[in-house]
Amino acid sequence: MTMPARFLLFVLNLYVYAFVLLISAVAIPALTLFVAFTRLFLSHRGTMKRFRRAISWYGKLITAIPYPFIRLRYEDRSKNGPGEPYIFVSNHRSASDAFLMCVLPHECVQIVNIWPFRIPVLGLYARLSGYLNIRSMSHEQFMSEAKELLSNGVSIIFFPEGTRSASRTMGSFHGAAFRLALESKAAVVPLCIAGNEHIPPKGSLLLRPGTIRVRRLPAIAWDDYKDLNAFTFKNRVWHIIENELSVMESGV
Amino acid sequence: MTEQEIIEKTNKVFEESFEIEKKRLVPEAHIFTDLGLDSLDIVDLIVALQNAFGVQIRAEEKVREIRTLQDIYRFISAIKNEKSKKSS
């Protein structure tokens, strides 16, 4: 990388992180006050719905900051309505993936590992909004809480590779999302994220310019997977996402 | 039932119930690291093996020791031998 290019990258990162901090300092207290205010008039369920919506708004603000250097494109190829709760299953290349989920027009919680709960402020909000830490729960407890969320109309987002792949090669999937689908009969929606492997790259906070595409594929309904076990189901979805990522990376 | 029949039937379970290609089903294949199963998939595997061999597999210590396909062949063989001894 040439010196001017390196300098421009430095300026871009300075601009983005400064604005992320500034907007967070304003938006997080404002959204917290909004949720606290609604609690005076709404039930716990109603408040949680607004709380998760507020988190989605925050995600939209944060992902809009780097525009036009980093563009986020949501491509809905599903034709599925927003009515029912889904189990979203996505590939995972970058730490920014969690923020990209703001494009989904659903009330969602994410299934996370231990470290996102340790992020100052954001970790606390993730915990309060009902994100599930799969590593700290027994299988039975996880299934019970996840099914409860689905029955309340809340969609659940999984990154079943468990860790960031850091490259274009997708890791193998863990089975929890697919066991939850088989037990809850919820439809599974494959999500493909491309273009974000350097935004930021694994082990770094340095953002690089580019276009991130989040492509939503048609939901796989219970009737289509009920005869599969969790292992075959996860591998089928793995292949669906892998094939679509190849298509996306070829420019389509 | 011969050793070869046990191997073929076990491999068929992996091919049909888990959609794993035949070429990957070698005796030394590790069921977790090479074939990609996780601890909870073992429950589905046990059900499929029970149906295929018509045996009852209890969640005993020996099941937890299974790591490779070869371990499964040996495990099924032992159960089959035990069953035929009981019936004779």
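Here is the figure for segment A:132-179: residues that are farther than 22 Å from A:L228 by Cβ, of a type in the set (V, I, T) and surrounded by 18 or more Cβ atoms within 10 Å (Cβ to Cβ) total 1. Within segment A:208-235, if we keep just the residues that are of a type in the set (S, T, Y) and in contact with a strand residue (DSSP E or B) (Cβ under 9 Å, 6 or more places away or on another chain), the residue that is farthest from B:F18 (Cα to Cα) turns out to be A:T211. Being more than 14 Å from chain B (Cβ to nearest Cβ), touching a residue at least 12 places away in the same chain (Cβ under 8 Å) and within 13 Å of A:F88 (Cα to Cα) holds for only one residue in A:L191, A:L128, A:L132, and it is A:L191. Taking the criterion of being among the hydroxyl-bearing types (S, T, Y) and either part of a helix (DSSP H, G or I) or under 23 Å from the mean Cα position of the chain (by Cα) (or both), the residues of segment A:1-43 that qualify are A:Y15, A:Y17, A:S24, A:T32, A:T38. Of all residues in segment B:58-83, those satisfying the criterion of being at pLDDT 90 or above and among the polar types (S, T, N, Q) are B:T68, B:Q70, B:S77.
Tell me which residues, restricted to segment A:78-95, are within 19 Å of A:I240 (Cα to Cα) and either part of a loop (DSSP other than H, G, I, E, B) or at pLDDT below 95 (or both). Break it down into steps so the answer makes sense when it comes.
First, the residues of segment A:78-95 that are within 19 Å of A:I240 (Cα to Cα): A:78-80, A:86-93.
A:S78, A:K79, A:N80, A:N91, A:H92, A:R93 - these are the residues of segment A:78-95 that are within 19 Å of A:I240 (Cα to Cα) and either part of a loop (DSSP other than H, G, I, E, B) or at pLDDT below 95 (or both).
Within segment A:122-173, the only residue that satisfies the criterion of being of a type in the set (D, E) and over 29 Å from A:G81 (Cα atoms) is A:E140.
Enumerate the helices (runs of 4 or more DSSP H) found wholly within segment A:96-213, keeping only those where 3 or more residues are more than 16 Å from A:V237 (Cβ to Cβ) and under 16 Å from the mean Cα position of the chain (by Cα). Steps first, please.
Details: elements: A:97-100, A:122-128, A:139-151, A:176-184.
Of the helices (runs of 4 or more DSSP H) lying wholly inside segment A:96-213, those with at least 3 residues that are more than 16 Å from A:V237 (Cβ to Cβ) and under 16 Å from the mean Cα position of the chain (by Cα) span A:97-100, A:122-128.
Of the helices (runs of 4 or more DSSP H) lying entirely inside segment B:1-74, those carrying at least 1 residues that are touching a helix residue (DSSP H, G or I) at 6+ places or on another chain (Cβ under 6 Å) and within 13 Å of chain A (Cβ to nearest Cβ) are B:3-18, B:41-53.
The set of residues from segment A:18-69 being loosely packed, with under 14 Cβ neighbours inside 10 Å and touching a residue at least 60 places away in the same chain (Cβ under 8 Å) comprises just one member, A:R45. Scan segment A:207-235 for residues that are within 14 Å of chain B (Cβ to nearest Cβ) and aliphatic (A, V, I, L, M) and the total you get is 2.
Of all residues in segment A:50-69, those satisfying the criterion of being among the β-branched types (V, I, T) and either in a helix (DSSP H, G or I) or over 18 Å from A:G210 (Cα atoms) (or both) are A:I55, A:I62, A:T63. Check segment B:15-35 and report whether any residue there is touching a Gly at 6+ places or on another chain (Cβ under 7 Å), surrounded by 14 or more Cβ atoms within 10 Å (Cβ to Cβ) and within 26 Å of A:L228 (Cα to Cα). Scanning segment B:15-35 turns up no residue that is touching a Gly at 6+ places or on another chain (Cβ under 7 Å), surrounded by 14 or more Cβ atoms within 10 Å (Cβ to Cβ) and within 26 Å of A:L228 (Cα to Cα).
For segment A:215-225, state whether one or more residues are among the hydroxyl-bearing types (S, T, Y), surrounded by 19 or more Cβ atoms within 10 Å (Cβ to Cβ) and out of contact with any Lys or Arg (no Cβ under 9 Å at 6 or more places or on another chain). Scanning segment A:215-225, I find no residue that is among the hydroxyl-bearing types (S, T, Y), surrounded by 19 or more Cβ atoms within 10 Å (Cβ to Cβ) and out of contact with any Lys or Arg (no Cβ under 9 Å at 6 or more places or on another chain), so the answer is no. Would you say B:R74 is surrounded by fewer than 18 Cβ atoms within 10 Å (Cβ to Cβ), closer than 19 Å to A:G175 by Cα and not β-branched (V, I, T)? Taking the combined requirement at face value, the residue does not satisfy it. Only a single item in (1) surrounded by fewer than 20 Cβ atoms within 10 Å (Cβ to Cβ); (2) at pLDDT 95 or above is not met by B:T10, and it is number (1).
The values are calculated or read from the model by the stated rules, or taken from the named source; none is laboratory data. Given the structure is predicted, the values throughout are model-derived calculations rather than measurements. Positions of Cβ are generated from backbone atoms using ideal geometry, with glycine treated the same way; all protein chains shown enter the neighbour counts.
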